[in-house]
Amino acid sequence: MGTYVVKRVTRLSGTPHSIAVGAACGVAVSVTPFIGFHLISAFLLCFVVRGNYLAAAIGTLVGNPWTLPFILLASYQVGHALLGGPAAPIESFQHWTLATLFAQLEAVFWPMALGSLPLGLAAGLAAYFPLVRIVAAYQEARVRRRQSRRALRAHPASPDAGMP
């Protein structure tokens, strides 16, 4: 899945910076606990930094069902570390009512939201710098391939070229 995403992003049209910053926006937003709003948030952030919207949508794939539990747990732990205290114990799920659900949600959500800020920034930067180089290298190689194909079409080798 990772190689597919990188190949898909490198083949987008646009400048290497706009593609990489768009993907970085998507990656950064996918670290947040706002699960239903990742695409909208990525597009808004992309609008602000003038990134590629399709790259942002592809970047949000980082937050998928396999990675999201680890991301949310890391956000929760970083948030509690930033708040200056140990993680609060959460009641057993067996005793939850609707009222305790919202009380526990607040105790869990705010540390996650706070912890996702530095994690999202780090993830976005970790995605941007390699991607800008990868996209630039891919686009340069693509231009070279096109130029060599044009040169071959313009000056085809004659069948008698190697004969004395």
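Worth pointing out:
- In segment 69-80, the residue that is nearest to Trp110 (Cα to Cα) out of those that are among the aliphatic types (A, V, I, L, M) and modelled with pLDDT of 90 or more is Val78.
- Applying the criterion of being touching a Ser or Thr at 6+ places or on another chain (Cβ under 9 Å) and of a type in the set (A, V, I, L, M) to the residues of segment 112-131, the residue that is farthest from Ser41 (Cα to Cα) is Leu131.
- Cβ-Cβ under 9 Å pairs, at least 6 apart or on other chains, segment 117-143 side among the hydroxyl-bearing types (Ser, Thr, Tyr), far side surrounded by fewer than 16 Cβ atoms within 10 Å (Cβ to Cβ): Tyr138/Lys7; Tyr138/Arg11
- Scanning segment 12-29 for residues that are part of a helix (DSSP H, G or I) and of a type outside the set (Val, Ile, Thr) returns Pro16, His17, Ser18, Ala20, Gly22, Ala23, Ala24, Cys25, Gly26, Ala28.
The values are calculated or read from the model by the stated rules, or taken from the named source; none is laboratory data. Note that the structure is a prediction, hence the values are computed from the model and not measured. Note that we place each Cβ from the backbone using ideal geometry, even for glycine, and neighbour counts take in every protein chain shown.
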